[in-house]
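Structure first, then comments.
The values are calculated or read from the model by the stated rules, or taken from the named source; none is laboratory data. If you're wondering where the values come from, they're calculated on a predicted model, not measured in any experiment. As a convention, Cβ positions derive from the backbone with ideal geometry for all residues, glycine included, and neighbour counts pool all protein chains shown. To get the accessible areas, we keep the full protein, side chains included, count just its heavy atoms, and leave off ligands, DNA and RNA. Shrake-Rupley method; radii C 1.70, N 1.55, O 1.52, S 1.80 Å.
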Amino acid sequence: MRLQQVWLDNDAGTLQIRGEINFDDFAAFAEPLVESLDCRVLERQWGADRHQWLLDFEGCQLWLNYEFYGDVAWLASDRAEDIEVLAFLEHLLQRQLEQQQ
């Protein structure tokens, strides 16, 4: 997993992630990302131009999404109060990004 940029979008309630992501082999990016965040995959869905995985992070359910056309992945929750969880995960990913450089 190679990260390029990570940022929290408070307005959208998402954690945006740019990296070296291959749509056809999304798992090669997503599985190390999920492991590095200490999440568990509950469900995997995919379609013509999108991957969507349901994750569990310490009891909080998050969606890991990736769209081919936007070339960006993002974590989102169905609950607005989980923005604090996303902020914590942003901090973890920012540290990983710094270590890559």
Pairs only if they're at least six apart or on different chains, beta carbon under 9 angstrom, first in region 25-54 and under 19 Å from F68 (Cβ atoms), second open to solvent by 60 Å² or more (accessible area, probe 1.4 Å) and among the acidic types (D, E); list them, first residue then second. F29/E20; D49/E67; R50/E67; H51/E67; Q52/E43; W53/E43
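For region 26-49: of the residues being outside any loop (DSSP other than H, G, I, E, B) and open to solvent by 80 Å² or more (accessible area, probe 1.4 Å), which is modelled with the lowest pLDDT? If you could, list the steps in order and put the result at the bottom.
If we filter region 26-49 for residues that are outside any loop (DSSP other than H, G, I, E, B), which is where we start, we get 26-36, 40-46.
If we keep only those that are open to solvent by 80 Å² or more (accessible area, probe 1.4 Å) as well, we get 31, 35, 40, 44, 46.
Values: E31: 97, E35: 96, R40: 97, R44: 97, W46: 92.
Taking the candidates together, the pick is W46.
If you check L37, L42, which single one turns out to be within 15 Å of L89 (Cβ to Cβ) and touching a strand residue (DSSP E or B) at 6+ places or on another chain (Cβ under 7 Å)?
L37
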So which residues in region 65-87 are surrounded by 15 or more Cβ atoms within 10 Å (Cβ to Cβ) and within 19 Å of V41 (Cα to Cα)? N65, Y66, E67, A73, W74, L75, A76, S77, D82, V85, L86
Among residues of region 63-97 being assigned to a strand (DSSP E or B) and in contact (Cβ under 8 Å) with a residue 24 or more places away in the chain, the residue nearest to D11 (Cα to Cα) is A76
Across region 15-30, what is the number of residues that are in contact with a helix residue (DSSP H, G or I) (Cβ under 8 Å, 6 or more places away or on another chain) and not small (G, A, S)? 5
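Which of the following residues is open to solvent by 60 Å² or more (accessible area, probe 1.4 Å), modelled with pLDDT of 95 or more and among the aromatic types (F, W, Y): W7, W53?
Numbers: W53 fails: open to solvent by 60 Å² or more (accessible area, probe 1.4 Å).
The match here is W7.
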